[in-house]
Amino acid sequence: MSSARDWHIVEWYEDNDVSASKPRGPKSDWARMLRDAEAGWFELVVAVDIDRLLRSTRDMNTLMDTGVNVATVDGEIDLSTADGEMRAGFLATMARFETRRKSERQLRSNAGRRAEGMPASAWTPFGWAKDGELIPEQAAAVRKAFDAFLGEPSLPIRRIREDLNAAGHRTARGSAFSIDA
């Protein structure tokens, strides 16, 4: 129950691990929220900001099709009115613009770094020193991991991760290896 508005919270939907520049798939909380909205489980979505909820006008239209309304920290946006739809559309367009502009800047920066002979990432890849020298122990671990993955039988990624961590290896950021790292 929200004490400020006397709203009953039905569910929390969070896609904090999904980049704004990548589509949200069918297993995301966005997709689950849309399914729940279509099922009539709630009438209102509350978000910190509209650009944290809607990434494009397509998202806005999809949400509008469910019939729910939106409230943000800055106020409510009534998607059933022309004014509310126009405001949400403008904010969704701005969110997409910011995401695309950031992506374009990053691509230009990476291209410039590559042109100067520098790695595109600020993080040094596992197996290499910042000066570009090979680190023999880490390079051997990389070879062993690839051989395990490509071998017959192939080891699962989780097992390879466990082996890297058990051997005391850490990622360039100093953390244990995950199945994504």
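The values are calculated or read from the model by the stated rules, or taken from the named source; none is laboratory data. All figures in this text were calculated on a predicted structure; none of them were measured in a lab. So basically every Cβ, Gly included, is an ideal-geometry build from the backbone, and we count neighbours across all protein chains shown. Areas reflect the complete protein model, heavy atoms only, side chains present, ligands, DNA and RNA absent. Shrake-Rupley method; radii C 1.70, N 1.55, O 1.52, S 1.80 Å.
Before moving on, here are some points about what is shown:
- Segment 104-181 versus segment 43-59: alpha-carbon centroid distance in Å: 36 Å
- Rounded to 5, the percent of DSSP beta bridges in the chain classed as antiparallel: 55 percent
- Prolate/oblate/rounded label for the chain (Cα gyration tensor, a/c 1.5): prolate
- 0 to 90° range, to nearest 10: angle between helix 57-66 axis and the chain longest Cα axis: 50 degrees
- Summed residue charge, Cβ within 11 Å of residue 176's Cβ, Lys/Arg positive, Asp/Glu negative: +2
- Of the GluC sites (Glu not before Pro) found in segment 87-181, those that fall in a DSSP loop while having at most 14 other beta-carbon atoms within 10 Å are 116, 133.
- Summed over qualifying helices (DSSP H, 4 residues or more, each -39500 (n - 2.57)) and divided by its residue number, the chain shows a 222 nm mean residue ellipticity of -14500 deg cm²/dmol.
- Residue range of the chain that is longest and free of trypsin sites (Lys or Arg not before Pro) which are both DSSP loop and sparsely packed (at most 14 other C-beta within 10 Å): 28-129
- In degrees, nearest ten, helix 29-38 long axis to first principal axis of the chain (Cα): 30 degrees
- On a per residue basis, segment 27-170 carries 69 Å² of accessible surface, using protein heavy atoms and a 1.4 Å probe.
- Springs between Cα atoms under 10 Å define the GNM used for the chain, and in it the highest mean-square fluctuation of 135, 50, 77 occurs at 135.
- Rounded to two decimals, the Cα radius of gyration of segment 7-78 over 2.2 N^0.38 Å is 1.03.
- A Förster radius of 22 Å, combined with the Cβ-Cβ distance separating residue 172 from residue 16, puts the computed FRET efficiency at roughly 0.45.
- With Cα atoms, 0 to 90° folded angle of helix 136-150 axis to the chain main axis: 70 degrees
- Taken along the Cα-to-beta-carbon direction at a fixed 7 Å, the label points for residue 147 and residue 165 span 2.4 nm.
- Karplus 3J(HN,Hα) series, Hz, for segment 123-134 with 6.51 cos²θ - 1.76 cosθ + 1.60 (x for Gly, Pro): 8, 6, x, 4, x, 10, 8, 4, 7, x, 7, 6
- GNM top mover of 154, 28, 56 - the chain, alpha-carbon springs below 10 Å: 154
- Carbon plus sulfur fraction of accessible area for the chain, probe 1.4 Å, in percent: 53 percent
- In segment 1-87, chymotrypsin sites (Phe, Trp or Tyr not before Pro) in a DSSP loop with at most 11 other beta-carbon atoms within 10 Å: 12
- Rounded, prolate or oblate (a/c below 1.5 giving rounded, otherwise prolate when a/b exceeds b/c) for segment 97-160 by Cα gyration tensor: oblate
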